[in-house]
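The values are calculated or read from the model by the stated rules, or taken from the named source; none is laboratory data. Keep in mind that this is a model prediction, so the values were computed, not measured. Reconstructed Cβ throughout: ideal geometry from the backbone, glycine too, with neighbour counts over all protein chains shown.
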Amino acid sequence: MNLDDAMNTRRSIRGYQDKPVPKELIEEIIALANRAPSSMNTQPWHLHVLTGDPLNKVRMGNQSRMMEGVPPSREIQDHGAYEGVHRDRQIEIAVQLFEAMGIERDNKEKRLDWVMRGFRQFDAPVSIVVCYDKSMEPGGTIAHFDLGAVTYGLVLAAWSKGLGCVINGQGIMQSPVVREIAQIPDDQIIMTCVAMGWPDDSFDANAVVSRRRPVENLTRFVGFDD
């Protein structure tokens, strides 16, 4: 798969086959993502790859705490509620997904199950917890930018090799659970996680492609001839 094809066809995958992903393949994907640029070549990222029993414990810990009403606990600042066009886009993708899955607006049971899937890492066979060096704080905005680059590298490289991913902030909303089970060192801060596995083509939400603004709506060219 060439780069154009990978970037144009990649989409978030939220349903996975019950099939393990070889460690060697994950290592290849990480090696590619590790070529991501970073400020002053600081490379502040750390990746903790979970599968099997540890991942199942994270799933159950996340889900049980949320069902018990334990408030979310992230190690990065929450973005808060989206507003304006950002809220519109958030609603649009939710509508696309719910329509694909046949989840009606008043079906509270199915809507709750959908939310819980996120806390269960979408039942993927692999979850990569993406962290950065605590020494980059306070004001770790540049490190956050760098982690965005390596995380996109992960999902793009995985897609090019036949795997699907979804960048999953829900998966670390109960960060104390993730930290304890994954044994993440105290000198690292949990940023997000990436669910990864073989896409289940029968899972309807996997066919959803989020819409993008045309280039002319997000770009200004300055100093170019018409």
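Got a number for residues in the range 133-147 being within 17 Å of R179 (Cβ to Cβ), out of contact with any Phe, Trp or Tyr (no Cβ under 7 Å at 6 or more places or on another chain) and outside any strand (DSSP E or B)?
2
In the range 209-226, how many residues are in a loop (DSSP other than H, G, I, E, B) and without any contact (Cβ under 8 Å) to a residue 60 or more places away in the chain?
Here is the first cut: in the range 209-226, the ones in a loop (DSSP other than H, G, I, E, B) are 209-214, 218-226.
Next, from what is left, pick out any that are without any contact (Cβ under 8 Å) to a residue 60 or more places away in the chain: 212-214, 218-226.
So the answer is 12.
In the list V130, V155, V150, which residue meets the criterion of being in a helix (DSSP H, G or I), touching a helix residue (DSSP H, G or I) at 6+ places or on another chain (Cβ under 8 Å), modelled with pLDDT of 95 or more and of a type in the set (A, V, I, L, M, F, W, C)?
V150
Among D88, D78, which is the only one that is part of a loop (DSSP other than H, G, I, E, B) and more than 26 Å from D201 (Cα to Cα)?
Selected residue: D78, the only one of D88, D78 that is part of a loop (DSSP other than H, G, I, E, B) and more than 26 Å from D201 (Cα to Cα).
Among (1) buried (at least 17 other Cβ atoms within 10 Å of the Cβ); (2) out of contact with any Phe, Trp or Tyr (no Cβ under 7 Å at 6 or more places or on another chain); (3) assigned to a helix (DSSP H, G or I), which single condition is H48 missing?
(3)
Is it true that some residue in the range 91-100 is under 13 Å from the mean Cα position of the chain (by Cα), touching a residue at least 60 places away in the same chain (Cβ under 8 Å) and under 26 Å from M7 (Cβ atoms)? Step through it out loud before you land on a result.
As a first pass, look at the range 91-100 and keep what is under 13 Å from the mean Cα position of the chain (by Cα): none.
No - not one qualifying residue is present in the range 91-100.
When the range 125-179 is examined, which residues are found to be more than 24 Å from P37 (Cβ to Cβ) and of a type outside the set (V, I, T)?
P125, S127, G162, G164, Q170, G171, M173, Q174, S175, P176, R179
Can you tell me which residue is nearest to V115 (Cα to Cα) among those in the range 76-94 that are of a type in the set (V, I, T) and exposed (fewer than 12 other Cβ atoms within 10 Å of the Cβ)?
I91
Give the residues of the range 2-30 that are among the aliphatic types (A, V, I, L, M), surrounded by 11 or more Cβ atoms within 10 Å (Cβ to Cβ) and under 20 Å from A149 (Cβ atoms), sorted by residue number.
Within the range 2-30, A6, M7, I26, I29, I30 qualify.
When only residues in the range 101-127 that are in contact with a helix residue (DSSP H, G or I) (Cβ under 8 Å, 6 or more places away or on another chain), in a loop (DSSP other than H, G, I, E, B) and free of Cβ contacts under 8 Å to residues at least 24 places away in the same chain count, which is farthest from Y16 (Cα to Cα)?
In this case the residue turns out to be R105.
Please work out which residue is surrounded by the fewest Cβ atoms within 10 Å (Cβ to Cβ), limiting yourself to the range 169-208 and to residues that are assigned to a strand (DSSP E or B) and β-branched (V, I, T).
Filtering first and then ranking leaves T192.
Show the residue pairs that are 6+ apart or on different chains and have beta-carbon atoms under 7 Å apart, the first residue being within the range 174-187 and closer than 13 Å to F119 by Cα, the second being of a type in the set (D, E) and outside any helix (DSSP H, G or I).
Here the result reads S175/E75, each pair linking the range 174-187 to a residue that is of a type in the set (D, E) and outside any helix (DSSP H, G or I).
Taking Y152, is it among the hydroxyl-bearing types (S, T, Y), in contact with a strand residue (DSSP E or B) (Cβ under 7 Å, 6 or more places away or on another chain) and closer than 26 Å to R10 by Cα?
Values: among the hydroxyl-bearing types (S, T, Y): yes; in contact with a strand residue (DSSP E or B) (Cβ under 7 Å, 6 or more places away or on another chain): no; closer than 26 Å to R10 by Cα: yes.
For Y152, the condition - among the hydroxyl-bearing types (S, T, Y), in contact with a strand residue (DSSP E or B) (Cβ under 7 Å, 6 or more places away or on another chain) and closer than 26 Å to R10 by Cα - is not met.
Under 27 Å from P185 (Cα atoms) and either in a strand (DSSP E or B) or touching a Leu at 6+ places or on another chain (Cβ under 9 Å) (or both), is that true of V70?
Answer is no for this residue.
Output the number of the condition that R14 fails; it satisfies all remaining conditions of (1) within 19 Å of the chain's Cα centre (by Cα); (2) at pLDDT below 95; (3) of a type outside the set (F, W, Y); (4) closer than 16 Å to C193 by Cβ.
Every condition holds for R14 apart from (2).
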